[in-house]
Amino acid sequence: MFDDSEYRKAMDAAIVRFQDEMKKVRTGRAHPDMLANIKVEAYGQFMPLNQVANVTVNGGTMLQVTPFDPSTIQAIATAIRSDASLGLNPSDDGHVVRVPVPPLTEERRKEIVKSASSKVEEAKIAIRNVREDARKELKSAELPEDVTKKSEKAIDELTKSFTDKVDALFKEKSAEIMAI
């Protein structure tokens with residue numbers, strides 16, 4: 001019989017990547033992962049924000065960024081301000097950077113859902129690519145035809161269950177984004 005555990009792990013990895021991407025999507029509430037993609041120019045190179053500062057939520061609508069080295073505070077504020085996709089305007093007091101998270105308009109919420117839907121398609125493509133890899137291995141394995149058919153059906157069912165999982169996660173995230 002065909003062993004699909006390798007492909008199941010690959011599909012699980014695609015789901016985990018998708019969940020990580022969905023964590024970064026803004027929902028109107030402050031969340032430290034909103035700043036996960038920020039790169040700060042510090043010490044002559046670009047570094048992820050989490051390597052130069054600690055990000056916490058203060059009150060639910062405010063992110064507080066506490067740099068490990070106070071000399072990087074201007075670079076942190078500039079990096080956050082320059083990310084146009086976030087639309088945030090940080091302020092610093094010399095010790096911490098405060099990033100107020102403004103409430104989202106309904107129009108902006110719809111835009112965010114639309115842009116998040118591209119991540120859904122990327123996840124589904126990754127899952128379908130794993131399915132194609134499994135089918136290629138099946139064809140090269142030269143198994144009896146009935147075993148091949150059963151295995152192909154099992155792989156297709158596995159693919160459908162994972163794409164359904166992506167859809168469910170996206171539906172949940174969309175409802176979270178659209179909630180006021």
Among the residues that make up segment 134-156, is at least one of them open to solvent by 50 Å² or more (accessible area, probe 1.4 Å), outside any helix (DSSP H, G or I) and of a type in the set (Ser, Thr, Tyr)?
no
Only one of Ile125, Ile73 is aliphatic (A, V, I, L, M) and farther than 26 Å from Met22 by Cα, namely Ile73
Looking only at segment 6-48, and only at residues there that are among the charged types (D, E, K, R) and within 11 Å of the chain's Cα centre (by Cα), the one that is nearest to Glu107 (Cα to Cα)
Arg26
Pairs, first under 15 Å from Asn37 (Cα atoms) and in contact (Cβ under 8 Å) with a residue 40 or more places away in the chain in segment 71-84, second open to solvent by less than 10 Å² (accessible area, probe 1.4 Å) and not hydrophobic (A, V, I, L, M, F, W, C), C-beta under 6 Å, six or more apart:
Ile80/Pro90
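If only one of Ile38, Ile15, Ile73 is under 28 Å from Glu157 (Cβ atoms) and buried (at least 16 other Cβ atoms within 10 Å of the Cβ), which one is it?
Details: Ile38 fails: under 28 Å from Glu157 (Cβ atoms); Ile73 fails: under 28 Å from Glu157 (Cβ atoms).
None of the other options fit; the residue is Ile15.
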How many of the residues making up segment 55-84 are hydrophobic (A, V, I, L, M, F, W, C) and closer than 17 Å to Lys24 by Cβ?
7
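The values are calculated or read from the model by the stated rules, or taken from the named source; none is laboratory data. What you are looking at is a predicted structure, and each value in this text was computed from that prediction instead of being measured. Using ideal geometry, Cβ is built from the backbone for each residue, glycine included, and neighbour counts are taken over all protein chains shown. Surface accessibility is based on the protein's heavy atoms, side chains included, excluding ligands, DNA and RNA. Shrake-Rupley method; radii C 1.70, N 1.55, O 1.52, S 1.80 Å.
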